[in-house]
Amino acid sequence: MSVTQPHTGRRGELNVSRRTFLAAVSAGSLVLMGRLGGIEELANAAVAEPDAFAPDFFVSIAPNGTVTCLAHRSEMGTGIRTGLPRVLADELGADWQRVAIEQAPGDKRLGDQNTDGSNSIRFFFERMRVAGATARTMLEQAAAKRWSVDPSECYSDNHKIKHRGSDKSFDFGELVADARTLPVPDAKSLTFKPRNEWKYIGKDAPITDLDDILTGKAVFGIDARMPNQLFAVIARPPVVGGKVRSFDASIAKGMPGVVDVIEIPPFEGAPNFNPLGGIAVLADSTWAAWQGRDALKIEWEHGANASYDTDAFSKELAATARRPGKVLRETGDAVEVLKQADNVVRADYSVPHLSHAPMETTCAVADVTTDESGKVTACHIVAATQNPQAVQQAVGPAMGMDPNDVLCNVTLLGAGFGRKSKPDYCVEAAMLSRQLKRPVHVTWTREDDLQHDYYHAISALHCEAALGEDGLPTAWLQRSVYPTIGSTFAPGANQPATWEAEMGHTDLPFDVPNLRLEVGQADAHVRIGWLRSVCHIQQNFAVSSFADELAHAAGRDPLEYLLALLGGDRMLDLKAAGLGNRGASPDDYPFDIGRLKNVLRRVAIASGWANRKKLPAGRGMGIACARSFLGYTGHVIEVEVSRDGKLSVPQVWVSLDSGTIVSPDRVRAQLEGAAIMGLTQARFGKVSFKNGRAEQSNFDGYRMVTAATAPRAIHIDVVDSTAAPAGVGETGVPSFAPALCNAIFAATGKRIRNLPIADHDLAHG
């Protein structure tokens, strides 16, 4: 098969606007939606493929039989640029070797393009099947007409339409001209291939970009180039909300390669997706721009967040977590039962700010053209972005133009984890290009990335449970406190939103008669954003750690105790609990306690949990589970802790139930990556602030798990399920950290309640 990378060239002299072109093409003949690259392609695609058959936005078939599938989600290692087209190709009956994949630009007609929240397969599995079935049905109708038979006698197989009961067949390409004349069938009239006829869905396959990635041909955001472009590195306010008081650029301007130094105005109001402001150095190379930035002399006005200190703030959060807050879910009277109980267990947990730290930092190139009056006439962005529509929505107003007129092409991403769904860096590139009147490539350095991130929120959580005679809780009170992501969008937002609380807090699955789940208030002093698995990071850590504490307080096996806590197999009443279920229908995505218990049992069997007491001194196993992003995980982790506190992880086991699986190999890779990320966050992850500034600036301070510290073996178990496809990428994270810390307790008797884990916390006799 062939794969076309996004075009990154300059528009040249063609005067073709994105809106003019797209308005001229109807959905029924939208060949170009599978060909959107540079503006040259936009102008010429309809001419290049005048006879193609394109019954749907997402698929077209050329007279030579080549099937082009449109990839409208961003590829950052998940394999989505391969997975969704394979769903379409499977339903179409195409030969995968004759399929080409084209990357779409931002376009609202394609539906949600925010590759975030483990939603790509969930949102578009059925949509890709509709696209494939539509094209297949029309090809079958065209063949039936040629043979003068009923369409029910025709079927698709390996890029051919065949006739049942004879050896007659047509290649797809031979039917293109006839199929183009047929009416597009209503989606409700389509029939779909049964699961037992799937050839691609659920089967391993190399990602389509693999060869180009391995040979260095793949285009990532850092590689994007336009003729005559400049490179920009920006000095941003070290404290969020700060601004430039004065600056001296005389030395920087005299340095080799430096072309100009420009001040970027600061944002106003909430941080949102707007630039932080600062001083940009533009040069003929990133290195020259970087050196120029280091030569700037800037006096900053730090603003209201200059006193932010995470040591002090974490104490404030902990105090808030111990006081009554806003009740989001309540059953019975947990407060009264706790007052009257003889056996009450209490514990406090905390997680610090975390950074996304993708290996490829944020980067984009912009080409903005203006007329003589300075009005923007065209804007072309090429970016490593998770959400090209968000780029349009942010860049458009900044340029004084309709967002739909911003052309945003998407490159491959060297990871994202949620950071690259926020397009502040694209706005920076566009602002600088407009002023310089030539393309500008903005690159964030590692220091920029760690010190100006949309951080995962620092948090404190308080848990209380009253235990009955059987050791199970008769009451459970839990309070979660952290700056809300809502503060990024609305000034003054200071309390977790209901959807944030639902990530491991208010969706508590345990069968407890008296339950009270609260949140407290916390102001944001830095930009807060979503990081892989979002609030499950801190909330599942607390919930699953506390469950393990209760098991030991009750003198019961942690697995047996967890299963008892979960209660009987049932569907959690989402409506009664006031849970939004990530916007998914409870009919398609019920909260199935039986499935959660199943992954626990499976991972326990796989790990040999029953024999864990035979482990030598200093070694232990921990267990945890979670339902997150509509999927279910169970983790068992084995640790080894030396007497002086050195931690190693010999083995990790994870069982996943995420319904129908499209790309098993990518699922396994995602779970392996989740284990590495989960260990990194639990072991090393922490961004601290003094005087409003991030103290960490590179990987010497914000450490990553290396080959030497990674788990020595990761065992993956994926449940074979016919349920609707659920999350994978984010689902693999939440139950890792608590299982790890529960294992540390089993090995050392030391309970880890505050992340990250420090060696001195682990030393034992």
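Structure above, values below:
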read-out	value
Projected-area mean, the stretch 71-164, by convex hull of Cα positions, square nanometres	6.7
Ratio of Rg to Rh over the stretch 592-712 (Cα coordinates, Kirkwood Rh, two decimals)	1.03
Burial ordering of VAL654, VAL240, VAL687, fewest other beta-carbon atoms within 10 Å first	VAL687, VAL240, VAL654
The stretch 169-314: relative contact order as a whole-number percent, Cα under 8 Å and 6+ apart	26
Cβ crowding within 10 Å averaged over residues, with 189-198, 530-539 ranked highest first	530-539, 189-198
Sum of -39500 (n - 2.57) over DSSP H runs of 4+, divided by residues of the chain (222 nm, nearest 500)	-8500 deg cm²/dmol
Environment charge of ARG81, counting only residues whose C-beta is closer than 11 Å and scoring Lys/Arg +1, Asp/Glu -1	0
Matching label, Rg and Dmax of the Cα atoms in Å computed from the structure shown, candidates (1) 25.6, 74; (2) 27.6, 85; (3) 29.3, 96	(2)
Förster radius 30 Å - calculated FRET efficiency between ALA758 and ILE213, Cβ distance, rounded to 0.05	0.25
Extended-chain gain in nm, criterion 0.36 nm per residue less alpha-carbon gap, GLU447 and ALA177	91.6 nm
C-alpha center-to-center spacing [the stretch 372-415, the stretch 667-701] in angstrom	30
Listed residue pairs exceeding 23 Å between alpha carbons, taken from LYS614/LYS646; LYS108/LYS193; LYS160/LYS203; LYS243/LYS690; LYS646/LYS750	LYS108/LYS193
Environment charge of ALA746, counting only residues whose C-beta is closer than 13 Å and scoring Lys/Arg +1, Asp/Glu -1	+1
DSSP beta bridges in the chain [antiparallel fraction, %, rounded to 5]	75
Dipole of the chain, positive direction: furthest Cα of ALA524, CYS408, LEU559, with charges on the beta-carbon	LEU559
q = 0.17 Å⁻¹, the stretch 635-765: log10 I(q)/I(0) [Debye, one scatterer per Cα]	-0.91
Residue-count net charge about SER285 - beta-carbon cut-off 13 Å; Lys, Arg +1, Asp, Glu -1	+1
Partners for LYS339 among aspartates and glutamates (Cα-Cα distance below 15 Å; same-chain residues under 8 apart left out)	GLU464
Relative contact order computed over the chain (Cα-Cα under 8 Å; 6+ residues apart), in percent	13
Cβ-based charge dipole, the chain, positive-most Cα from ALA739, GLY608, TYR702	GLY608
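All of the numbers you see were taken from the coordinates with simple rules; none came from a lab. The structure displayed is predicted, hence computed values, not measured ones. Cβ: placed from backbone, ideal geometry, glycine included. Neighbour counts: every protein chain shown.
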